[in-house]
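The values are calculated or read from the model by the stated rules, or taken from the named source; none is laboratory data. Note that the structure is a prediction, hence the values are computed from the model and not measured. Virtual Cβ from ideal backbone geometry, glycine too; neighbours counted across all protein chains shown. Please note that ligands, DNA and RNA were not included when accessible areas were found on the heavy atoms of the full protein model with its side chains. Shrake-Rupley method; radii C 1.70, N 1.55, O 1.52, S 1.80 Å.
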Protein chains: 2
Amino acid sequence: MTGTASKNRQWVLAAHPDGKATADTWRMIDSPMPEPGPGQILVRTLWLSVDPYMRGRIAAAGNYTKGVAPGELMQGGGVGEVILSNHPAWTPGDLVESMTFGWQEYAVLSPDLPGAARANRVNPDIAPPEAALSWLGMPGLTAYVGMIEIARPKPGDTVLVSAASGAVGQMVGQIAKLQGARAVAIAGSDDKLAWCRELGFDAGINYRTAGDMKAAIAGACPGGVNVFFDNTGGPIHDAALANLATHARVVICGRIAVVDQAPEDDIGLRASARLIVTRSMIQGLVVFDWWHLRDEAMARIAAWHRDGRFRFRHDVLDGFERMPEAFLRMMAGDNFGKQVVRVA
Amino acid sequence: MTGTASKNRQWVLAAHPDGKATADTWRMIDSPMPEPGPGQILVRTLWLSVDPYMRGRIAAAGNYTKGVAPGELMQGGGVGEVILSNHPAWTPGDLVESMTFGWQEYAVLSPDLPGAARANRVNPDIAPPEAALSWLGMPGLTAYVGMIEIARPKPGDTVLVSAASGAVGQMVGQIAKLQGARAVAIAGSDDKLAWCRELGFDAGINYRTAGDMKAAIAGACPGGVNVFFDNTGGPIHDAALANLATHARVVICGRIAVVDQAPEDDIGLRASARLIVTRSMIQGLVVFDWWHLRDEAMARIAAWHRDGRFRFRHDVLDGFERMPEAFLRMMAGDNFGKQVVRVA
């Protein structure tokens, strides 16, 4: 274990947030260096991801999977380097990605766990390692499944995506273009929208300055919205639903705009009238249901990347101690691109 | 044209309703007896249907298809007897059903029009003629498509249906039972719920007396709602959505509870949180999209009927002059079973 420390810094949940998460939602502790058991590997964390789904994991109320209790290690995905292996397929020096890192400097992984708990090999010849936390990882799979499996845009369709310069949104827009559809971005700054234009989006709406979002979407989507990929929820959701075209497909991926509200307080447009008149469909998406498609999706996305058919932007913070800052930045929409933290 | 009158009474739209439709929404006029052209048939109306979709047709705002302008004949389906035929396949005395009757005592039909405008033969040996306006017609197809094609209940699923003793609701619950699912009725009186019990529904909720509908649904659906067939919209919709089980399917068929409101004033629970957490799907249903399945659906429903596998209740008003009354009765939920009018 050359070069490893004797202790392992970890971020644990201090308390379930009451409303917005704050810097006090987590606290850092020193733990003993973990020991890999049979079939396990010890990894040094190189990159950690912050993602909106984590807000659900730290909620006091139930979520779709087991959350984090106060005092427990914060959950999250990362990329690391194997430094000790009790598993025949893994060797020190290998790069590995897994959703099971947790916010810590060293992690013990069980590479053969099923589904989203699996450890995946990271090949630095294909992409920089942090891509395994973005376009070549969970957010990429989210965009892929939402578009290719659920929304299925056809050539000529208009695809509207909120949080368009974020981890999932960037890929949604570019997959829309790869499918021959028109892509319309919603984002919170003109800089973000300029980046979306560089990615190939056909139009953009700055929700902070647009005023009447229903009218703004109608202007940017004159034939109506065939696919709405919703990462934000809230008033943007209502404005998009008011503009659905016939037989529209709405993927509900996130609700970052209202995620600090209790679901029963999240009030807005009832979709019934629009859904009936347009015969549209709304589908909730949890990417962890779709892990069986991960290898297929990653191979396809890697091929698009190899052919230079998409671009991607990360927002990098340096330093393990900045994990809460990175999370809060993303929740406030102050990141520009997929938020990651370079740990080592 | 033995036995026919020289004039044809018709209900025409007097004015688009502002809010609720009233008795003054329509007025009756005398028109000349219509003359069938080549390939057409003249029919005497025996039964007319009133259905919630008609509220959309008389709205001033746009709907999914062409509505009725003031002064125009009110649209609607009916069953009649052929009294004059210029079509080789039809003979005087034949019984015929079509969505293109209109609210009038005599109608000229073009039997070969495509889709939902087609004229369908009514066989009185299979069922009483008015069944062609209910379980062996459009409402039956609505329930069939919503359940068999969209919601696809599995054995053990709990299927919740609003307006459960209505034209569509009765069939939804019984199709749920035929698929091995549990059926839970929501209706507006204990008499209606008693009837639903006779039909085989496992439980019922009287929305007028239940108080907290979210809690009432939780009590009647302890494992959550796997399928919600929504005929009403409004607060019942919200209460059902708050009780979705994982991978639930919601069919939005109607919104009679809020149909007099403009869509942009219909505010309630935003479904995002529940849709994501439960990975559920909401689909708007317009039965006229599914007319290509009509023959298949009617054959299957007729077979269930022949085997005595379901029952059905009509609410019959007598007299052509009562068409507006019948419509308003249904909109108020004062009908008990599928509302039809016996014209002759």
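Being more than 18 Å from the chain's Cα centre (by Cα), more than 8 Å from every other protein chain (Cβ to nearest Cβ) and either among the aliphatic types (A, V, I, L, M) or open to solvent by less than 10 Å² (accessible area, probe 1.4 Å) (or both) is a property that does not hold for B:LEU269.
Within the stretch B:199-233, the set of residues being within 14 Å of chain A (Cβ to nearest Cβ) and of a type outside the set (Val, Ile, Thr) comprises B:ASP212, B:MET213, B:LYS214, B:ALA215, B:ALA218, B:GLY224, B:PHE228, B:PHE229, B:ASP230, B:ASN231, B:GLY233. Take the residues of the stretch A:9-52 that are touching a residue at least 24 places away in the same chain (Cβ under 8 Å) and part of a helix (DSSP H, G or I): which is nearest to A:ASP334 (Cα to Cα)? Filtering the stretch A:9-52 for residues that are touching a residue at least 24 places away in the same chain (Cβ under 8 Å) and part of a helix (DSSP H, G or I), the one nearest to A:ASP334 (Cα to Cα) comes out as A:ALA23. The single condition from (1) more than 10 Å from chain A (Cβ to nearest Cβ); (2) in contact with an Asp or Glu (Cβ under 7 Å, 6 or more places away or on another chain); (3) assigned to a loop (DSSP other than H, G, I, E, B); (4) of a type in the set (A, V, I, L, M) that B:ALA183 fails is (3).
When B:ALA194, B:ALA220, B:ALA185, B:ALA164 are checked against the criterion of being surrounded by fewer than 18 Cβ atoms within 10 Å (Cβ to Cβ) and of a type in the set (A, V, I, L, M, F, W, C), B:ALA194 stands alone in meeting it. Looking only at the stretch B:327-344, residues that are of a type in the set (Phe, Trp, Tyr) and either over 26 Å from B:THR232 (Cα atoms) or not in a loop (DSSP other than H, G, I, E, B) (or both) come to 1 in all. The set of residues in the stretch A:53-96 that are closer than 23 Å to A:THR142 by Cα, within 14 Å of chain B (Cβ to nearest Cβ) and part of a loop (DSSP other than H, G, I, E, B) comprises A:ALA59, A:GLY62, A:ASN63, A:TYR64, A:THR65, A:LYS66, A:GLY67. For A:ASP238, are the conditions met, namely being open to solvent by 10 Å² or more (accessible area, probe 1.4 Å), within 13 Å of B:ARG270 (Cα to Cα) and acidic (Asp, Glu)? Considered against the rule, which asks whether it is open to solvent by 10 Å² or more (accessible area, probe 1.4 Å), within 13 Å of B:ARG270 (Cα to Cα) and acidic (Asp, Glu), A:ASP238 comes out as yes.
For residues that are among the charged types (D, E, K, R) and touching a helix residue (DSSP H, G or I) at 6+ places or on another chain (Cβ under 8 Å), scanning just the stretch A:272-314, find the one that is surrounded by the most Cβ atoms within 10 Å (Cβ to Cβ).
A:ARG274
It is to be established whether one or more residues within the stretch B:274-284 are in a helix (DSSP H, G or I), more than 11 Å from every other protein chain (Cβ to nearest Cβ) and without any contact (Cβ under 8 Å) to a residue 40 or more places away in the chain. No, the conditions are met nowhere in the stretch B:274-284.
Of the candidates A:LYS192, A:LYS214, the single residue that is touching a Phe, Trp or Tyr at 6+ places or on another chain (Cβ under 7 Å) and outside the structural domain of A:ALA21 (by TED's automatic domain parsing) is A:LYS192.
Here's the yes/no breakdown for (1) assigned to a helix (DSSP H, G or I); (2) at pLDDT below 95; (3) more than 9 Å from every other protein chain (Cβ to nearest Cβ):
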residue: A:PRO235; (1), (2), (3): yes, no, yes
residue: A:ALA239; (1), (2), (3): yes, no, yes
residue: A:VAL250; (1), (2), (3): no, no, no
residue: A:ASP260; (1), (2), (3): no, yes, yes
residue: A:PHE288; (1), (2), (3): yes, yes, yes
residue: A:MET298; (1), (2), (3): yes, no, yes
residue: A:GLY308; (1), (2), (3): no, no, yes
residue: A:GLU325; (1), (2), (3): yes, no, yes
